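In what follows, a single structure is set out as structure tokens and then discussed.
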Amino acid sequence: MSGGDRPGTGHRTDGGVASEIDRIAELAKRRGFFIQTASVYGGVGGFYTYGPQGTPLKDSITDSWRDLFVTRQGNMEVDAPTVMPEAVFDASGHLDTFDDMILECPGCDGSHRADHLVEDNTDIDEAESLPPAEVGEIIADNDIVCPTCGVALAGEPVEEFNLMFETNIGPGTASPGYLRPETAQGIFVDFPQLAEYARNQLPFGVAQVGRAYRNEISPRKALVRVREFSQAELEQFIDPETDEPPLDRVADVTLPLYAARQQEADDGGVKSLTVQEAVDSGVIESDWIAFYLGLARDWYESIGVDMDRFRYRQHLPGELSHYAADCWDAETEIGGDWVEVTGFAYRGSYDLDKHADHSGESFSVFKQYDEPVTVERPTVDPDMSELGPAFGGVAADIADALAERAGRDPDAFAGETVTVVVDDERYDVPVEHTGFAVEEVTESGEHVTPHVVEPSFGLGRLVYTVLVHAYREDQVDGDDRQYLSVPPAVAPTTVGVFPLMDRDGLDEYAREVAGQLRSAGLSVTYDEAGAIGRRYRRQDEVGTPFCVTIDYDTLEADTVTVRERDSTDQRRVPTAELAETLGLLRDGDLLFDEL
RNA sequence: GCGCCGGUGGUCUAGUGGUAGGACAUGAGCUUCCCAAGCUCAUAGCCCGGGUUCAAUUCCCGGCCGGCGCACCA
């Protein structure tokens, strides 16, 4: 029944979908997947605590991500602070671009982005960078009215709202700090050291799993939009000229692509292309983006995302962030809405350039050529003892201009004099005083500022997706059943162990088996309370894929029954082989039907 | 942030100007040889603050939280 009730594209608000979401929300609360934080004090919007089931589920997904995107790719992982000084976000652009100017309409109480109003009604393009007071004046001067109700907005205050949580580092307010709105900057600011650890060899990747914070105006929809969330990010640093991803490893993976041109055509349909086809046809421009879309697609499936409710959507040109050249979002369908669970952005050298500019440090790597190359380089060595007396105070500027001219236009030095312009004044300099020469220089490499390809995963949204996509209802022997069909590898608990009866030694035996399985590294729940069917259902609700029951035959023949969650089928397995068998089942190296 | 609606045990709910009833779940016991059976008992609740009132879970105001719509989502 997994794919049978799949909604189409677009939004649905009918009761079937909504009530399914309600039942999942009820299950999540009741069984401890996630709970509202500090509810005894009335709760606080946009903050959730992962409960006893949600935490291992989230951890499993995180571990699986780390295994694929860090360990198996040979990437590094770091763990940066969540608080960073102001300079970091000044450089990254978050201080400006995260700072919205809100203006409330006195007529309809609607709130609008003041900078957008200015951009829409004047020929000013970047009102975002103007001070709020000036934006307010522009609105008054241009008689801008509310786009909703038409009331004049002149004189209304423009309020600032920054999505970053602000704090102070140390006593007083002299050193403001911010909770990071994304984990990425923690990697970028330490790029010089990280490049050193990578022995300056491009390409290399740096991953980070951690919390990020955004003071959202309006948190919504459980884990979808929250104020504190977990990201798993990978910053892949590449030489854009030469580095190629190992595309052959994912060339045949089929991607459900919803490209910008399809969105603009508004046909609503995704197009399935293999990674290779998408690259060859130019639908995906960057091979690196294509590589990660391929790698991630199979990963999503492995953690339990329903691939019939999944797509890769390309950002529309107007939607792209200030830093991104191309961006694809992985989206999953939750309750009729498409939710971004991952952004795959080609960030170019934007971030490293910004931090280089603001810090004055070098954010490039020296890339050695295979063989040193000899180039002819025009140079100057001005004779300042001649230039000084001749040109006085501007002599130093003239020397700089000569050096610049030599690099750009060496032919200018062919005659008796060379003319340079400094501050709109022309100066004729005798070539013999410039020290002009063409030297043969051996270059062993060049400085390259890497480009960045960034897959950024929202772990909470993925946890929520897996819950929603795994949720099933069916009937067993005429009774309704709810269960979570999560893959065994990510299930919060791998196996439930029950004595058929809590007496006759069955309970002692079952406790012993549970202990053995725990010692073997399995995640085990022991339960002897209530009828056997009730215990199966308890485990079904939290997605436990296998249950082991110790019965009277166990005492005779030393075999137990293993019951599978989705099918409710049972097989007998020798107790001695139990731990190994369950380990294989969990890791997908053995199928239940093969027992 | 604005608008509409809502907030009763762990969960889902009934109801009320005189402080609350059910179902499920949970715990103990009995029963039970593989899928939420039955019986007994038990635990557990009116979001917060202010106002009106002899009396407020109930009515009014504000807050907090949630759902939906708008806006926002670098």
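Values quoted throughout were computed directly from the atomic coordinates according to the rules given, and no laboratory measurement underlies them. Owing to the predicted nature of the structure, the values given are computational and were not obtained by experimental measurement. FYI the Cβ positions are ideal-geometry reconstructions off the backbone, even for glycines, and counts take in every protein chain you see.
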- A convex hull over the alpha carbons of chain A yields, per residue, a volume in Å³ of 244 Å³
- FRET efficiency estimate (nearest 0.05) - Cβ-Cβ, A:E160 to A:Q482, R0 35 angstrom: 0.15
- Message: Skipping prolines and chain starts, which residues have an amide H placed within reach, meaning under 5 Å, of the one on A:F436, given they are 5 or more residues away or on another chain?
- Response: A:D381
- Hey, which lysines would be in cross-link range of A:K354, C-alpha to C-alpha under 27 Å, not counting anything within fewer than 8 residues on its own chain? A:K367
- How do A:R31, A:R405, A:R461 line up, fewest other C-beta atoms within 10 Å first? A:R31, A:R405, A:R461
- For A:K58, counting only lysines whose alpha-carbon sits under 23 Å away and dropping same-chain residues fewer than eight positions off, the answer is A:K29, A:K221
- Task: Once you have a ≥ b ≥ c as the square roots of the Cα gyration tensor eigenvalues for the stretch A:293-368, tell me rounded if a/c is under 1.5, and otherwise prolate or oblate according to whether a/b is larger than b/c.
- Result: prolate
- Message: Based only on other Cβ atoms within 10 Å, what is the fewest-to-most ordering of A:I217, A:I61?
- Response: A:I217, A:I61
- Item | FRET efficiency, A:R571 to A:Q73 (Cβ-Cβ, R0 45 Å, nearest 0.05) | 0.75
- Value at 222 nm in deg cm²/dmol, rounded to 500, when DSSP H runs of n ≥ 4 in chain A each add -39,500 (n - 2.57): -9000 deg cm²/dmol
- Task: Rounded, prolate or oblate: pick one for the stretch A:547-595, where a ≥ b ≥ c are the square roots of the eigenvalues of its C-alpha gyration tensor, a/c under 1.5 means rounded, and failing that, prolate if a/b is larger than b/c, else oblate.
- Result: oblate
- Task: Answer with one residue from A:A557, A:T494, A:L585: the one whose Cα lies farthest towards the positive end of the charge dipole of the stretch A:493-594, charges on Cβ with Lys, Arg +1 and Asp, Glu -1.
- Result: A:T494
- Query: For the pair A:V40 and A:D63, how long in nm is the line joining their label points, each one 7 Å along Cα→Cβ?
  - Reply: 3.1 nm
- Query: Using a simple spin-label model with points 7 Å from Cα along the Cα→Cβ vector, what separation in nm is obtained for A:D308 and A:V431?
  - Reply: 7.9 nm
- Item | Ascending count of other beta-carbon atoms within 10 Å, so fewest first, for A:S519, A:S359 | A:S519, A:S359
- What nm value, rounded to one decimal, do you get for the distance between A:D357 and A:T167 when each label is placed 7 Å out toward the C-beta? 2.9 nm
- Evaluate E = 1/(1 + (r/R0)^6) for A:V375 and A:E416, where r is the Cβ-Cβ distance and R0 equals 22 Å; express this FRET efficiency to the nearest 0.05. 0.20
- Spin-label zone in the stretch A:274-315 - amide nitrogen under 18 Å from a point set 7 Å from the Cα of A:L247 along the C-beta vector: A:274-297
